[in-house]
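The values are calculated or read from the model by the stated rules, or taken from the named source; none is laboratory data. All values reported here derive from a predicted model rather than from experimental measurement. Methodologically, a virtual Cβ is constructed for each residue, glycine included, from the backbone with ideal geometry; neighbour enumeration extends over all protein chains shown. For accessibility, only protein heavy atoms count, side chains too; no ligands or nucleic acids. Shrake-Rupley method; radii C 1.70, N 1.55, O 1.52, S 1.80 Å.
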Amino acid sequence: MDVTTPPTNSSFSTPCPAYVPLEQRNDHSAEPMPLSQPKSDDAGELVERILDACPRRLPGSRDEQRALRMLYNAFSENGHTPADWRVEWPRFRANRSIYPVLALHLGVALVGTLLLPVAPYAAAALHALAAISYLGDTTYRFYLLRRLLPRRLTQSLMVTRPSKSPQPRRRIVLIGHADASHTGLLFHPKLTRGSTGAAPPWPFGFVRRPMQIFVGVCAALVALDVIYGLTGAHLNLFIGATGLAFLYGTLMNLEILWRDKVSPGASDNMSGSVAAPILARRLAADLPDDVELVCVVTSAEEPGSLGSAALQREMRERWSRQNTYVLALDCLTNGELCYKSQSEVVPLKASPPLVAAVQAAADKLGRPPLRCWDAPAGMDDSTPFRMRGYESLCLAAVDPRLGVSRHYHQMTDDAANLEREELSRSIDFAEEVVKQLVDAPADAIPTSEPTDFTPPRSRDLPNPWRSAVFACSVGAGAGAWCGFVSPLGFAESFVWLRMAWIGFLALLCVWWFLQRLGVDPNRYDIGRSASLLALGGLLSAAAGVLAHPIRLHSLAPPLLLISAGALGGFLLHRLALQLHRKRNRQNAID
């Protein structure tokens, strides 16, 4: 199929340089408006103008569609795209926010947990529904619970500088998104710092991935629900803890909906949106004839990258995976520029050819190699393409102290707090990445492993983790043996599973306390004391569990030991620090 001709059954509008309005609806109609254009590539000025005119850019809203019109006009100085450019307005339906979707999934899991004592099989069905629905949602395979929520008609903007050959050698797709996110307590810097910071090493890296935990816990609860229905055996502590976690997540997402405030979204992501027309004007004139440049400003990225997912479905017949490279631009300022690796539930590796182009651009511009940010939650516009085998990558700015960009999803993410010089440098860097993609050989691959923000997952574990992994593995293995191999049955197996569960909680308490002390838990600063603390907590938990079923008083020994060990670890750390300083002073004198 000729890539310059849209398919006849496409939901895209006919290619034309004119604006195609949405359905005539009072709540989100968008009328074309004559707008004056900036006379330079001043990205900060364009961001400020759009934020002033379009403060509440929810998907399908009048403000969002007005912003798309302003960005369309920004593709050329005189308000009209060149004659050989193709303009399309892909339409689709989308939810307005991701937080009703999250609240619904967590709420279904919470109801299932509450039903467990009286209707275990109904609880198993609800837990299975929550896990399967979110797994399909995050992989863009299918939507279940999301379909129960209202959707609105919206559209994205796609401007293409087509290749002059029938089959382009390269197709480079630049994507930003025009919509903005709701804000709430969930995005307070203290909470984002705690949820997106450094992770424990293997095999506990999933601790910083809340939705991966959610899917895994719901799957585990399905098995526990069925076992409870068959035998009456259950894990009170585990079920109670997961119920509280579901309740907390549901309330945090509902708080965002009750507040109903929309972030201005200067950095996230008007910074990436204004980069699209700027880069189009810079790159179009010098591109080879066999290279196609596509600049897209999507709608509905915040509700789960629905705009790019709809674009991928529509273009899968026109865009070949062999010659298409997708570069998403998201939060280009207010942090350290990096490239993202997505692992919300299903891990996605960063695209090797795009990583190679990014690092080559950094070398060409004389800046340090970009680090990889392993995002623990959420999607971006590159994710739907990567899920379907395209070479895609997202450039984003991240403050390493926060794990997100500064002012992320807050009311302070406005033009006044936009770091304009950094935005200009990020746009220059994206331009160089595109040039590297144009010139790079087809089999370009990265020459080195990515440098991550978070500690690498390594099987060479420090002492405290070795003992804890061993003890938890013994508990889980013994539980599986008792339940499925030996004649003891499920009731006895739960004793061992309780030991593994409480030991795991003790281990997390150790890791959390070491972080509060400012000590890297993955190093050997107080490895011996932490190792004894973790192992002691596991042994005391096992003794309490073997003596009688889980009760509050059976939790006292491990909790007391954890507290005493934490205090001892703190004192040992202070003593070691004083000795280290004394040794340094002595070496300086000598």
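Accessible surface of Tyr121, taken over heavy atoms with a 1.4 Å probe and every protein chain present, rounds to 120 Å². With all protein chains present, calculate the accessible area of Tyr325 using a 1.4 Å probe and round the result to the nearest 10 Å². Estimated to the nearest 10 Å², Tyr325 gives 20 Å².
Close amide H contacts of Ser305 (hydrogens built in the peptide plane, cut-off under 5 Å, sequence separation of 5 or more or a different chain): none are found. Modelled spin-label separation between Glu317 and Asp286, with each label point placed 7 Å from Cα along the Cα-to-Cβ direction: 3.7 nm. Taking amide H as placed 1.01 Å from N in the peptide plane, Ser76 has no amide H partner under 5 Å among residues 5 or more places away or on another chain.
When Met158, Met379 are compared by accessible surface with a 1.4 Å probe, the order from highest to lowest is Met379, Met158.
So for the pair Lys364, Thr412, with labels modelled 7 Å out along Cα→Cβ, what separation do we get in nm? That separation, rounded to one decimal, is 3.7 nm. Across the stretch 316-327, rounded Karplus estimates of 3J(HN,Hα) from the backbone phi angles (6.51 cos²θ - 1.76 cosθ + 1.60, θ = phi - 60°) give 5, 7, 9, 10, 6, 5, 6, 10, 10, 10, 10, 10 Hz, Gly and Pro being marked x. Residue ranking by accessible heavy-atom surface, 1.4 Å probe, largest first, among His407, His177 comes out as His407, His177. Name the long-range amide H neighbours of Asp399: under 5 Å, sequence gap of 5 or more, or other chain; modelled H, no Pro or chain starts. Result for Asp399 returns Glu336, Val404, Ser405, Arg406. Computed on protein heavy atoms with a 1.4 Å probe, the accessible areas place Val438, Val226 in the order Val226, Val438, largest first. If the Kirkwood radius is taken over C-alpha pairs of the stretch 267-362, then at 37 °C and 0.692 mPa s the Stokes-Einstein diffusion coefficient equals 214 µm²/s. The stretch between Arg425 and Ala223, if pulled fully straight at 0.36 nm per residue, gains 67.5 nm over its current Cα-Cα span.
Annotation: Leu337 carries an accessible surface of approximately 10 Å², with a 1.4 Å probe and no ligand, DNA or RNA atoms counted. By accessible area, using a 1.4 Å probe on protein heavy atoms only, the stretch 46-153 has 63% of its surface on carbon and sulfur. If the chain linking Ser165 and Lys349 were pulled fully straight, counting 0.36 nm for each residue of separation and taking away their Cα-Cα distance, it would gain 63.1 nm. In a DSSP loop and with at most 15 other Cβ atoms within 10 Å, the chymotrypsin sites (Phe, Trp or Tyr not before Pro) in the stretch 141-191 are Phe142.
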